[in-house]
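Report on the structure given below.
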Amino acid sequence: MKPNRCILIHLDGPRSAKTIAVSLERIIVLVNSFTADGLYDSSERLDRPLTRAEAIATICAAYRSPDFLALTSQDQAGILWRLALCAAGPL
(Lines give C-alpha, C1' and ligand atoms only; values in the text may rest on other atoms or scores of the structure.)
Protein backbone atom coordinates (compact mmCIF):
# COMPACT_ATOMS: atom_id res chain seq x y z
CA MET A 1 0.00 0.00 0.00
CA LYS A 2 1.38 3.38 -0.96
CA PRO A 3 2.05 5.87 1.86
CA ASN A 4 -0.88 8.11 2.80
CA ARG A 5 -3.34 6.08 0.68
CA CYS A 6 -6.64 5.57 2.50
CA ILE A 7 -9.30 2.97 1.87
CA LEU A 8 -12.92 3.56 2.82
CA ILE A 9 -14.86 1.06 4.89
CA HIS A 10 -18.59 1.81 5.17
CA LEU A 11 -20.00 0.41 8.39
CA ASP A 12 -23.62 -0.01 7.25
CA GLY A 13 -23.33 -0.64 3.51
CA PRO A 14 -22.79 1.81 0.65
CA ARG A 15 -25.07 4.53 2.06
CA SER A 16 -23.64 4.34 5.54
CA ALA A 17 -24.02 7.19 7.99
CA LYS A 18 -20.50 6.47 9.25
CA THR A 19 -17.43 5.65 7.17
CA ILE A 20 -13.93 4.84 8.40
CA ALA A 21 -10.97 5.92 6.26
CA VAL A 22 -7.99 3.70 7.09
CA SER A 23 -4.37 3.84 5.98
CA LEU A 24 -1.27 2.23 7.39
CA GLU A 25 -0.48 5.55 9.11
CA ARG A 26 -3.82 6.78 10.45
CA ILE A 27 -7.54 6.22 10.91
CA ILE A 28 -10.17 8.90 10.29
CA VAL A 29 -13.87 8.76 11.21
CA LEU A 30 -16.26 10.38 8.72
CA VAL A 31 -19.95 11.09 9.29
CA ASN A 32 -21.82 11.15 5.97
CA SER A 33 -24.87 13.20 5.03
CA PHE A 34 -27.34 12.29 2.30
CA THR A 35 -30.06 14.26 0.52
CA ALA A 36 -33.75 13.45 1.00
CA ASP A 37 -33.67 11.26 -2.13
CA GLY A 38 -30.73 9.23 -0.78
CA LEU A 39 -27.88 10.79 -2.77
CA TYR A 40 -24.52 11.56 -1.15
CA ASP A 41 -24.31 15.15 0.07
CA SER A 42 -21.20 15.63 2.20
CA SER A 43 -18.94 14.20 4.90
CA GLU A 44 -17.75 15.65 8.17
CA ARG A 45 -14.41 14.55 9.58
CA LEU A 46 -14.44 13.87 13.32
CA ASP A 47 -11.27 14.84 15.16
CA ARG A 48 -11.25 11.97 17.63
CA PRO A 49 -9.75 8.52 17.85
CA LEU A 50 -11.68 5.44 16.81
CA THR A 51 -13.70 3.89 19.64
CA ARG A 52 -13.47 0.18 20.47
CA ALA A 53 -16.97 -0.45 19.13
CA GLU A 54 -16.17 1.36 15.87
CA ALA A 55 -12.91 -0.57 15.49
CA ILE A 56 -14.69 -3.90 15.95
CA ALA A 57 -17.44 -2.88 13.50
CA THR A 58 -14.79 -1.79 10.99
CA ILE A 59 -12.96 -5.13 11.25
CA CYS A 60 -16.26 -6.95 10.61
CA ALA A 61 -17.17 -4.68 7.67
CA ALA A 62 -13.72 -4.70 6.03
CA TYR A 63 -14.44 -7.77 3.90
CA ARG A 64 -17.47 -6.05 2.35
CA SER A 65 -15.29 -3.14 1.17
CA PRO A 66 -14.10 -3.29 -2.46
CA ASP A 67 -11.18 -1.01 -1.51
CA PHE A 68 -10.05 -3.49 1.16
CA LEU A 69 -10.44 -6.50 -1.13
CA ALA A 70 -8.29 -4.81 -3.79
CA LEU A 71 -5.30 -4.66 -1.42
CA THR A 72 -2.58 -7.29 -1.27
CA SER A 73 -2.85 -9.79 1.57
CA GLN A 74 0.09 -8.11 3.31
CA ASP A 75 -1.62 -4.71 3.19
CA GLN A 76 -4.90 -6.25 4.37
CA ALA A 77 -3.05 -7.74 7.35
CA GLY A 78 -1.53 -4.33 8.12
CA ILE A 79 -4.94 -2.64 8.08
CA LEU A 80 -6.50 -5.35 10.26
CA TRP A 81 -3.55 -5.15 12.67
CA ARG A 82 -4.01 -1.38 13.03
CA LEU A 83 -7.75 -1.80 13.63
CA ALA A 84 -7.12 -4.62 16.12
CA LEU A 85 -4.85 -2.32 18.13
CA CYS A 86 -7.71 0.19 18.38
CA ALA A 87 -10.16 -2.57 19.33
CA ALA A 88 -7.84 -3.84 22.06
CA GLY A 89 -7.59 -0.38 23.58
CA PRO A 90 -4.83 0.80 25.90
CA LEU A 91 -2.87 -2.03 27.42
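Observations on the model:
- Kirkwood-based Rg to Rh ratio, the chain, C-alpha trace: 0.97
- Taking Cα centre as origin and charging only the Cβ of basic (Lys, Arg, +1) and acidic (Asp, Glu, -1) residues, the dipole magnitude of the range 34-87 rounds to 300 debye.
- Within the chain, the trypsin sites (Lys or Arg not before Pro) that combine a DSSP coil assignment with at most 13 other C-beta atoms in a 10 angstrom radius are ARG5, ARG15, ARG26.
- Tilt relative to the chain, helix 52-61 - C-alpha long axis, 0 to 90 degrees, to 10: 80 degrees
- Over the residues of the chain, the helix contribution to mean residue ellipticity at 222 nm works out to -9500 deg cm²/dmol, using -39500 (n - 2.57) for each DSSP H run of at least 4.
- Here the 3J(HN,Hα) profile of the range 36-49, calculated from phi with Karplus coefficients 6.51, -1.76 and 1.60 at θ = phi - 60°, is 4, 8, x, 8, 4, 10, 6, 10, 10, 7, 8, 8, 7, x Hz, Gly and Pro shown as x.
- Taking amide H positions as modeled 1.01 Å from N, with prolines and chain starts lacking one, the residues under 5 Å from LYS18 and 5 or more places away or on another chain are LEU11, ASP12, ASN32.
- Relative contact order (%) - the chain, alpha-carbon pairs under 8 angstrom, separation at least six: 26 percent
- The simple spin-label model puts a point 7 Å past each Cα toward its Cβ; for ASP41 and GLU25 those points are separated by 3.2 nm.
- Fraction of accessible area attributable to carbon and sulfur, the chain (%, probe 1.4 Å): 59 percent
- Computed from backbone phi with θ = phi - 60° and the Karplus coefficients 6.51, -1.76 and 1.60, the 3J(HN,Hα) list for the range 62-68 is 4, 6, 9, 8, x, 4, 5 Hz; x is used for glycine and proline.
- Accessible surface, per residue, of the range 18-67 when the full set of protein chains is kept, probe 1.4 Å, Å²: 60 Å²
- Each label point was placed 7 Å from the Cα along the Cα-to-Cβ direction; for PHE34 and ILE59 their separation is 2.8 nm.
- Point-charge dipole on Cβ atoms (K/R +1, D/E -1) for the chain, about Cα centre, debye to 20: 240 debye
The values are calculated or read from the model by the stated rules, or taken from the named source; none is laboratory data. Bear in mind that the values here come from a model prediction, so they are computed numbers and not experimental data. Every residue, glycine as well, gets a Cβ built from its backbone with ideal geometry; the counts of neighbours run over all protein chains shown. Ligands, DNA and RNA are stripped out before the accessible areas are found, and what is left, the full protein with its side chains, is counted by its heavy atoms. Shrake-Rupley method; radii C 1.70, N 1.55, O 1.52, S 1.80 Å.
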